[in-house]
Every structure is written in structure tokens, then in C-alpha cells.
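One structure, as C-alpha cells, below. Some questions next.
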Ligand SMILES: Nc1ncnc2c1ncn2[C@@H]1O[C@H](COP(=O)(O)OP(=O)(O)OP(=O)(O)O)[C@@H](O)[C@H]1O
Ligand SMILES: CC(C)(CO)[C@@H](O)C(=O)[O-]
Ligand code: BAL
């Protein structure tokens, strides 16, 4: 089985019109490519609940706040299409940047509040780029359901807010983080880690799960977070941009008895890793 690759928007729209005329539901899995098992888990979830599944592959220039990061982002379209082939994806939509952002394109969607701390503070403009392209991808694909990974927890909250605020007729489905055997959350940027750094990258989730467990058992929050930050620094991570406990839904202060999330971004070997884990604080 091969995956049909569609590039022009008109071709995608013609395809989608045909599916919709038969009453078929459409799921979309937005990606920037360099696919791994995390992405494939989203595709499986989409296949399980939608008649048709579109995977989008677009390395969105507007969400990169560093030209170097954009230039170095892995681009592996042929391997991506091959990975999707056995899954029965109905279309791999690979739009041209010139069609997504033609000359004169000047609309930017900005979600306030939940996009501001953490990733928003450390990657200025990032979530404007994400919200704008996600709205475009929803409009281009006409999807009924869209699948996002919890690995990018804050992105998930931003997209949920976007859809609610703009009354977009898309259901957002959150899918759990897929981890390597040693616990490291799979991520396209992991490919840039040297073998040596990859060998101890799983210290990040190990430190986070331990801190989450300690705080869930009543350990003092600030002291636990400080100890976790210095464990990471001691293990060669740096800088640790943030390691914070926040309310899981608002990203404001974590409250006793409410679902909380421990979120972190830390550099290792010149690669920026992010992760998050659930915490339930005692009452
Ligand atoms: N390990 C994972 N488990 C579940 N979903 C994931 C995982 N990694 C990425 N995703 C999800 O896949 C979708 C596309 O993400 P993206 O293409 O940016 O890949 P990525 O691995 O997150 O890359 P990077 O973080 O390096 O940009 C997003 O919804 C993201 O949350
Ligand atoms: C959702 C997304 C595909 C938008 O470019 C991207 O932010 C990602 O891959 O998580
Ligand atoms: N997976 C999140 C997309 C980004 O880092 O730009």
C-alpha cells in the first residue's frame, strides 16, 4: 500500500469534497514530519475513529523563533511516506509554503493566556505561529477531528482554546506521550542528539517522574523543584529553561487536589528537549 501525496490545496479540497459527499468523517493528524512512533500513535487513534485520515506534513516557518532551528529541522518526506504506507492513511498533505502563506498573507491568530508562560515566554511568537497554521490546516482539510500529542501539553491547551474561542467545528483528541524504552519522550529533534547524549537524555523524564511522585506524596513543592533542577544541571543538562509545576488546564498556579502538570524544557548537547508529566497534589 502506498500513501497518496497531495500538494496543491485544490486537489486536497476536491478529494475532501468527494469524501464528505458520501458522509464520511475526516480525521487530521498535523505534523512537521520526521515521523516516529509518537506520530504513528496519533494516526492509529485517527484511523480508529474516522472514515478518512489525512496526515499533514508542513515545517511551518512561522512557529520557529530561531532561523537555525528551522534550517536544522529534520526533513525526511520519503521515509515519512514509507512509514505511513502500512497504516492505510488516505492522504499525506504536503502543502507548499507559498500556498500556505502567499504574498500579502497578513492574518495572525494570537491566543492569549494559556500561550503566555513556559514555552510562550521562552519561544516568543511560537504559539502565534502554531495557532495560525493550525487554523489554516483545519480550514484546508475540513477535518471533523484532529489528533494532538500530550507531549506538547501547552500546544494542546492552546489548540483547545483556539477551537473553543473561534467555534471551529473540529473535535480535538489528545493522545498520550509515547516514550522510548528508557523513558525519553519520542521527538523529531531527538535525532540531533549525539549517541553519547542520547545515552543519558532519559535522565530528564527520570528526574521528572521522581519529582512528580514526591510532590504527589506531599513533598514541599519549591524544594522538590529546586532539587530536580539541580539534578538535571548536575547530569549535564543546561540551560534548564524551566521546570515548573502548574495547574494542568490553565497553566496557572497548581492547586491542592486539582490535576497539575510538571512541565520542563532543558537543553542537552545543543538540543532542546521538552517533557511533561501528570501530578495529583494531595488535598
Ligand atoms: N512522543 C510523542 N507521543 C505522542 N505524540 C507526539 C509525540 N511526539 C510528538 N507528538 C505529536 O505529534 C504531533 C506533531 O508533532 P511534531 O511533528 O512537532 O513532532 P515532534 O516529535 O513533537 O517534534 P519536535 O518536538 O522535535 O518538533 C504533535 O501533536 C505532537 O504533540
Ligand atoms: C501542530 C503542528 C503540526 C503545527 O505546525 C506543530 O506545532 C507540531 O508538529 O506539533
Ligand atoms: N512539536 C512542537 C513543534 C515545535 O517545537 O515547533
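The values are calculated or read from the model by the stated rules, or taken from the named source; none is laboratory data. Quantities reported herein were computed from a predicted structural model and do not represent experimental measurements. In this analysis, Cβ positions are derived from the backbone assuming ideal geometry, glycine residues included, and neighbour counts consider all displayed protein chains.
Just to be sure I understand the filter: pairs with C-beta atoms under 7 Å, separated by 6 or more residues or on different chains, first member in segment 171-197 and under 18 Å from residue 147 (Cβ atoms), second member away from ligand 2 (no atom under 14 Å from the Cβ) and assigned to a loop (DSSP other than H, G, I, E, B). Which pairs pass?
Here the result reads 171/144; 186/180, each pair linking segment 171-197 to a residue that is away from ligand 2 (no atom under 14 Å from the Cβ) and assigned to a loop (DSSP other than H, G, I, E, B).
From the set of residues in segment 149-194 that are modelled with pLDDT under 95 and more than 13 Å from ligand 2 (Cβ to nearest atom), which is surrounded by the most Cβ atoms within 10 Å (Cβ to Cβ)?
Across segment 149-194, the extreme among qualifying residues is 190.
Does residue 211 fit the bill of being more than 11 Å from ligand 1 (Cβ to nearest atom), in contact with a helix residue (DSSP H, G or I) (Cβ under 8 Å, 6 or more places away or on another chain) and part of a helix (DSSP H, G or I)? First the steps, then the outcome.
On the way: more than 11 Å from ligand 1 (Cβ to nearest atom): yes; in contact with a helix residue (DSSP H, G or I) (Cβ under 8 Å, 6 or more places away or on another chain): yes; part of a helix (DSSP H, G or I): yes.
When the stated conditions are applied, residue 211 passes them.
How many residues does segment 10-30 hold that are touching a residue at least 40 places away in the same chain (Cβ under 8 Å) and either not in a helix (DSSP H, G or I) or not assigned by TED's automatic domain parsing to the domain that holds residue 99 (or both)?
Number satisfying all stated conditions: 6.
May I ask you to say which residue of 85, 79, 146 is under 19 Å from residue 41 (Cβ atoms), within 14 Å of ligand 2 (Cβ to nearest atom) and in the same structural domain as residue 13 (by TED's automatic domain parsing)? Give the derivation first.
On the way: 85 fails: within 14 Å of ligand 2 (Cβ to nearest atom); 79 fails: within 14 Å of ligand 2 (Cβ to nearest atom).
None of the others qualify; the one that does is 146.
Looking at residue 93, is it buried (at least 21 other Cβ atoms within 10 Å of the Cβ) and within 14 Å of ligand 2 (Cβ to nearest atom)?
On the way: buried (at least 21 other Cβ atoms within 10 Å of the Cβ): yes; within 14 Å of ligand 2 (Cβ to nearest atom): yes.
Criteria met by residue 93.
In segment 44-59, which residue that is crowded, with 23+ Cβ neighbours inside 10 Å and within 16 Å of ligand 3 (Cβ to nearest atom) is nearest to residue 190 (Cα to Cα)?
57
Rundown of residues vs (1) under 20 Å from the mean Cα position of the chain (by Cα); (2) surrounded by 15 or more Cβ atoms within 10 Å (Cβ to Cβ); (3) farther than 19 Å from residue 145 by Cα, yes/no style:
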site	(1), (2), (3)
1	no, no, yes
13	no, no, no
27	yes, yes, no
30	yes, yes, no
37	yes, no, yes
41	yes, yes, no
62	yes, yes, yes
73	yes, yes, yes
78	no, no, yes
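Residue-wise test of (1) away from ligand 1 (no atom under 16 Å from the Cβ); (2) over 26 Å from residue 78 (Cα atoms).
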| site | (1), (2) |
| --- | --- |
| 89 | no, no |
| 105 | yes, yes |
| 109 | yes, yes |
| 112 | yes, yes |
| 118 | no, yes |
| 129 | no, no |
| 137 | no, no |
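Are any of the residues in segment 137-145 within 15 Å of ligand 3 (Cβ to nearest atom) and more than 13 Å from the chain's Cα centre (by Cα)? Lay out the reasoning, then the answer.
First, the residues of segment 137-145 that are within 15 Å of ligand 3 (Cβ to nearest atom): 137.
Retained after the next criterion (residues that are more than 13 Å from the chain's Cα centre (by Cα)): 137.
There is at least one residue in segment 137-145 that is within 15 Å of ligand 3 (Cβ to nearest atom) and more than 13 Å from the chain's Cα centre (by Cα).
Among the residues that make up segment 229-237, is at least one of them farther than 28 Å from residue 68 by Cα and under 24 Å from the mean Cα position of the chain (by Cα)?
No, segment 229-237 contains no residue that is farther than 28 Å from residue 68 by Cα and under 24 Å from the mean Cα position of the chain (by Cα).
Sticking with this one: Mind checking whether some residue in segment 217-225 is within 25 Å of residue 41 (Cα to Cα) and either assigned to a helix (DSSP H, G or I) or within 13 Å of ligand 3 (Cβ to nearest atom) (or both)? Step through it out loud before you land on a result.
So in segment 217-225, the residues within 25 Å of residue 41 (Cα to Cα) come out as none.
Among the residues of segment 217-225, not one is within 25 Å of residue 41 (Cα to Cα) and either assigned to a helix (DSSP H, G or I) or within 13 Å of ligand 3 (Cβ to nearest atom) (or both), which makes the answer no.
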